[in-house]
Amino acid sequence: MKIEKIDIPAAGTWARDCELLCLSQGKGFKIIYHRDDDDTYWIAKCQGVVAYKVIGEEFSTTGYLFDLPVDGAFFEILDSPWMREFGDEKDRILSKCKHYILEFYDETIEIITRDIVFEQLKEKPQISCLTS
């Protein structure tokens, strides 16, 4: 297993740089968050989600999460042990996916997905996760 930092403007500079505002599965899988370092708002749209888990901050330093670099908040896990748990029979689906870890102020999100597209929002979003 190898951990690679995702170094893009949407990514936090450290684990508590971004605050998760909304996680929604309605009309596609979306993560909306605020990046504190530069006071910007972002949406991450995930396509082809296979699995995800949300881990509370108290439990986000166990297992391989303990080995995450201090520098950065968004990572890709290469040769992922979690993806291997799904077995070889799903290989044609998983071969198009990646395992990402997104660290937020109070939560860590792990997601296996085909793609994540990050988009900066022009203004503070009106959050309505339960209705969209």
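Read-outs: derived from the displayed coordinates by stated rules, not from any lab. From a predicted model like this one, the values you see are computed outputs, not experimental measurements. FYI the Cβ positions are ideal-geometry reconstructions off the backbone, even for glycines, and counts take in every protein chain you see.
A few comments on the model shown:
- Rg/Rh (Cα only; Kirkwood hydrodynamic radius) as it applies to the chain: 0.95
- Cβ-based net charge around residue 44, under 9 Å, with every Lys or Arg adding one and every Asp or Glu removing one: +1
- The per residue volume of the convex hull around the alpha-carbon atoms of segment 16-91 is 121 Å³.
- Of the trypsin sites (Lys or Arg not before Pro) found in segment 23-79, those that fall in a DSSP loop while having at most 15 other beta-carbon atoms within 10 Å are 27.
- Subtracting the Cα-Cα distance of residue 22 and residue 4 from their residue separation scaled by 0.36 nm leaves 4.0 nm.
- About its Cα centre, the dipole of segment 3-121 is roughly 720 debye, where the only charges are +1 on Lys and Arg Cβ and -1 on Asp and Glu Cβ.
- Cα-Cα over 25 Å, subset of 2/124; 30/96; 5/30; 2/27: 2/124; 2/27
- All other residues whose Cβ lies under 13 angstrom from that of residue 113 are scored, Lys and Arg at +1 and Asp and Glu at -1, for a net of +3.
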